[in-house]
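Undergrad: Provided herewith is a single structure, encoded as structure tokens, for subsequent inquiry.
Only the coordinates and a few stated rules stand behind these numbers; no lab work does. Note that this is a predicted model, so its numbers are computed, not measured. Note that each Cβ is placed from the backbone with ideal geometry, even for glycine, and that neighbours are counted across all protein chains shown.
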Amino acid sequence: MTQVEKIRQEFPELGERVYGKPLVYLDNAATSQRPLSVIRKWTEMSEKYNANLHRAVHRIADLATAEYESTRDAVRDFLNAGSREEIIFTSGATASINLVAFSFGEAFVHAGDEIVVGEAEHHSDIVPWQMLCERKGAVLKVLPVDERGRLCIERLPELLTERTKLLCVAHISNVLGIVSPVKEIVNICHSRNCAVLVDGAQGIVHEGVDVRDLGCDFYAFSGHKLYAAPGTGVLYGRRELLDQMPPYMGGGEMIGTVRWSGTTYAPLPQKFEAGTQNIAGTPTLRPAIEMAEAMRDPAVLENMEAIKSFMLNRLRSDKRIRLFGDPTDDKDKIPLFSFSVEHLHHEDLALILDKMGVAVRSGQMCAEPLMDRFGVTGMLRVSFAPYNTLQEAEYLMDSLERAIKMLEG
Amino acid sequence: MKTLQEAQSEVIEDFSMYDEWLDKYEYLIDLGHRLPPFPEELKTEDRLIKGCQSRVWLDTTLEDGNLVFRADSDAIITKGIISLLVGVYSGRPAAEIAADDFSFVDRLGLRENLSPTRAGGLASMIATIRETARKYV
């Protein structure tokens, strides 16, 4: 049994059948499947450790708190963050980004200031900034991508002014599958006193992330794309900034003391964790991280590379297909492919592939401005995880060929 | 001309001939291809059916007391679905269409084999045809 086959057995959903056919799950960029270790931890949190965190003195509350807080340590190690206080648990990347948009905005953004966002961002890394700019009278600017989907970072120096407070960019675009040169971006921005937020929703899955090496000020990601329970997420923030930012929401464990005359706030990280936390879900990040690390096995990475080159060869050599996100260096691409097929609608292709057992995504992928950039109403996206096989990639491409024939009639 | 019930039964019968969903889709694709060309100038915002993932246009005219529907979509399966509805309802009096309960669509089993977003699109198509008919009654 190969390493990949062994890993597949850990993911029950991958053994499911749809319409009588084996499921070929290629929508991993939307959400990944969950391994047994995550499912068990999730259940265990309800069966054995269900109590609210931090506040009670009883045994179960202690155990629950220990599970939750040790997960924070695991995330700190996974990201190589400087301290556990820099790890804030949220409900997902969207919540993490909204937290920064509010709290960083309150502390640092004033009328006339500027925020820069990448052109290939997910709506979750666009709309919170539009809302912030609206609220503060700030200006939103866009760092464009070129025809191949590469971020035009040579344009960055001219975009940044002394009013630019923050630049927000995806580590890896959820549409283009291209790795952004985050370190280079951070260096340019920091030399101009501009902070950097990285939307790591895709990046955390495909790249080993070292936030201190990247140098970014914020790194946001969701648990559910990294094999953990849904409704879990992380915001890494540099302590120096987090300390200066006011809380996002009030109530629960985020307080120091509450008086009618005024309230003081808890220290980091509780300051940003108002209300009852996802006590069953967040601890699943620990087994999820262990799985992510196990998947960095050379045999698994080799399998991913084989899938990537097979897919790139097939998509690039097909005259009917337009691939969005086609870098000159394949090293910059992850096995995520958005494309269109000449004369055919992405929705039709996705519907037929579904009936063949292949789960893919069609539509705007929560990135309408990028669809406009490329002049399309939507795309078809296939996104691979380390548990996918080359045989599945081959089945996808055979099925696509059949679907095209059916639709052309 | 067939009665509304006859037209509906015929579609249900045609559709039930195929066991496999892929074959049912093939049937819809064929229906889509056979829909008469839709004039470009009619592809206006007010003819767009809201709530569909792909764009669907529906044009209505009154001819000899009957409602005549013409439709188009940029996705062929959706075009097949609207074609099926147009085939059943076009050329009938507004009152007859408005009085129908559209339950024949459930008997096709189409709804449960579309994803929720697309079933929403189907519901929007039905709602638009029904509301249009009511306006003419």
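Undergrad: Can you give the translational diffusion coefficient of region A:170-232 in µm²/s, computed by Stokes-Einstein from the Kirkwood radius over Cα pairs at 25 °C and 0.890 mPa s? Display every interim value, and only then the final one.
TA: Working: Rh = 12.2 Å.
The calculation lands on 202 µm²/s.
Undergrad: Which whole number of Å³ per residue matches the convex hull of the alpha-carbon atoms in region A:39-288?
TA: Residue-normalised Cα hull volume stands at 118 Å³.
Undergrad: With runs of 4+ DSSP H residues as the only contributors, calculate the mean residue ellipticity of the protein assembly as shown at 222 nm using -39,500 (n - 2.57) per run, divided by the residue total and rounded to the nearest 500. Don't skip to the answer; put the middle values down first.
TA: On the way: 21 runs with 232 residues, N = 546.
It comes out at -13000 deg cm²/dmol, rounded to the nearest 500.
Undergrad: Go through region A:384-391 residue by residue and turn each phi into a ³J(HN,Hα) via Karplus (6.51, -1.76, 1.60, θ = phi - 60°); whole Hz please, and just put x for glycine and proline.
TA: 9, 10, x, 8, 7, 10, 4, 4
Undergrad: Cross-link candidates for residue A:141: which lysines have Cα within less than 26 Å, leaving aside residues fewer than 8 places away along the same chain?
TA: A:165, A:183, A:333
Undergrad: Across the Cα atoms of the protein assembly as shown, what radius of gyration and what greatest pairwise Cα-Cα distance (Dmax) are found, in Å?
TA: Both quantities, over Cα of the protein assembly as shown: 26.4, 81 Å.
Undergrad: Separate question: Quick check: residue separation of residue A:309 and residue A:43 times 0.36 nm, minus the Cα distance between them. What number comes out in nm?
TA: 91.9 nm
Undergrad: I've got another one for you. Per chain A: cysteines with no other Cys C-beta under 4.7 angstrom?
TA: A:133, A:152, A:168, A:216, A:366
Undergrad: Put +1 on the Cβ of every Lys and Arg and -1 on every Asp and Glu Cβ in region A:39-288; which of A:89, A:190, A:137 then has its Cα farthest towards the positive end of the dipole?
TA: My answer, from the dipole projection, is A:89.
Undergrad: Residue B:62 to residue B:124: FRET efficiency via 1/(1 + (r/R0)^6), r the Cβ-Cβ distance, R0 22 Å, to the nearest 0.05?
TA: 0.45
Undergrad: Further, regarding this structure: Report the equivalent ellipsoid semi-axes for region A:204-243 in whole Å, largest first, defined as the square roots of five times the eigenvalues of the gyration tensor built from alpha carbon atoms.
TA: Details: eigenvalues 86, 38, 5 Å².
The answer is 21, 14, 5 Å, longest axis first.
Undergrad: Sticking with this one: Measure nothing but the geometry: give the 0 to 90° angle between the long axis through the Cα atoms of A:59-79 and the longest principal axis through the Cα atoms of chain A, rounded to 10°.
TA: Rounded to the nearest ten degrees, it is 60.
Undergrad: Given +1 on the Cβ of Lys and Arg, -1 on the Cβ of Asp and Glu, and no further charges, what dipole in debye does region A:293-367 carry about its Cα centre, rounded to the nearest 20?
TA: Values: 11 positive and 13 negative charges, 46 e Å.
My answer is approximately 220 debye.
Undergrad: Starting from the Cα of residue A:13, step 7 Å toward the Cβ, then list every residue of region A:378-409 with an amide N under 15 Å from that point.
TA: Under 15 Å, as judged by backbone N against the label point of residue A:13, lie A:383-388 of region A:378-409.
Undergrad: Taking a ≥ b ≥ c as the square roots of the Cα gyration tensor eigenvalues, with a/c under 1.5 meaning rounded and otherwise prolate when a/b beats b/c, else oblate, which class fits region A:190-332? Please report the intermediate quantities before stating the final value.
TA: Values: a/c = 2.88, a/b = 2.04, b/c = 1.41.
Prolate, since a/c reaches 1.5 and a/b exceeds b/c.
Undergrad: What fraction of the Cα pairs in region A:212-292, stated in percent, has a spacing above 14 angstrom?
TA: In whole percent, the share of Cα-Cα pairs in region A:212-292 beyond 14 Å is 69.
Undergrad: Once the piece of chain linking residue A:107 and residue A:243 is laid out straight, how much longer is it, given 0.36 nm per residue of separation minus the C-alpha distance between them?
TA: Details: separation 136, 0.36 × 136 = 48.96 nm, distance 1.02 nm.
That pair, residue A:107 and residue A:243, stretches by 47.9 nm at full extension.
Undergrad: Along the Cα→Cβ direction, 7 angstrom out, place labels at residue A:83 and residue B:13. What is the inter-label distance in nm?
TA: 7.9 nm
Undergrad: Once you have a ≥ b ≥ c as the square roots of the Cα gyration tensor eigenvalues for region B:22-119, tell me rounded if a/c is under 1.5, and otherwise prolate or oblate according to whether a/b is larger than b/c.
TA: Numbers: a/c = 1.62, a/b = 1.20, b/c = 1.36.
Note, shape of region B:22-119 comes out oblate.
Undergrad: Sticking with this structure for a sec: Working out 0.36 nm times the residue gap between residue A:131 and residue A:192, then minus their Cα-Cα distance, what length gain in nm do you get to one decimal?
TA: Between residue A:131 and residue A:192, full extension yields 19.5 nm more.
Undergrad: Hey, another quick one. Compute a Gaussian network model of chain A, connecting alpha carbons closer than 10 Å, and tell me which residue from A:178, A:188, A:126 fluctuates the most.
TA: A:188
Undergrad: Please list, or write none, the aspartates and glutamates whose alpha carbon is within less than 15 Å of the alpha carbon of residue B:43, excluding same-chain residues fewer than 8 places away.
TA: Within reach: B:59, B:72, B:74.
Undergrad: What FRET efficiency do you get for residue A:259 and residue A:301 if R0 is 51 Å and r is their Cβ-Cβ distance, rounded to the nearest 0.05?
TA: 0.35
Undergrad: Can you list residues from other chains, or at least 5 along the same chain, whose modelled amide H is less than 5 Å from the amide H of residue A:145?
TA: Hits under the 5 Å cutoff: A:119, A:152.
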